[in-house]
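Below is one structure, written out as structure tokens, with a few remarks after it.
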Amino acid sequence: MAKNDYSQFQKGVISGYYNNLDTIMLGKLAELVTELYLADTKAKKDRLWQRAHKAMVKLKISPTIINHIMQKEDVEILAKNLQDWLNTPKKKK
């Protein structure tokens, strides 16, 4: 197995990605809310809800909140929580 040798630029890009992962995931979750509003079939909604679940897990949202949202599968509940998460100040690392 080859050892990964990254340039300083590549290391900076990788570091920047992981430093902003929560912002990236919140953006993806916002896109999913829009797609869920527009979804017209049960199968499409199910796929989108699974993606939303994975995004919330990556964001380290409380399992209690995730379970509540996933049990209801109400896009308005997800949107309201997303708005709260977007308005929460980002923690400094």
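Would it be correct to say that residue 39 is surrounded by 13 or more Cβ atoms within 10 Å (Cβ to Cβ), at pLDDT 95 or above and over 14 Å from the mean Cα position of the chain (by Cα)?
Yes.
Scan region 1-23 and tell me whether some residue there is in contact (Cβ under 8 Å) with a residue 12 or more places away in the chain and of a type in the set (Gly, Ala, Ser).
For region 1-23, residues in contact (Cβ under 8 Å) with a residue 12 or more places away in the chain and of a type in the set (Gly, Ala, Ser): absent.
Please determine, by comparing only the residues of region 45-79 that are free of Cβ contacts under 8 Å to residues at least 12 places away in the same chain, within 15 Å of the chain's Cα centre (by Cα) and not in a helix (DSSP H, G or I), which one is farthest from residue 32 (Cα to Cα).
This residue is 62.
Answer yes or no as to whether residue 57 is of a type outside the set (S, T, N, Q) and surrounded by 15 or more Cβ atoms within 10 Å (Cβ to Cβ).
Values: of a type outside the set (S, T, N, Q): yes; surrounded by 15 or more Cβ atoms within 10 Å (Cβ to Cβ): no.
Spelling it out, it is not the case that residue 57 is of a type outside the set (S, T, N, Q) and surrounded by 15 or more Cβ atoms within 10 Å (Cβ to Cβ).
The values are calculated or read from the model by the stated rules, or taken from the named source; none is laboratory data. Remember, it's a predicted structure, so these values are computed and weren't measured experimentally. Here the Cβ is made from the backbone with ideal geometry for all residues, glycine too, and neighbour counts use every protein chain on show.
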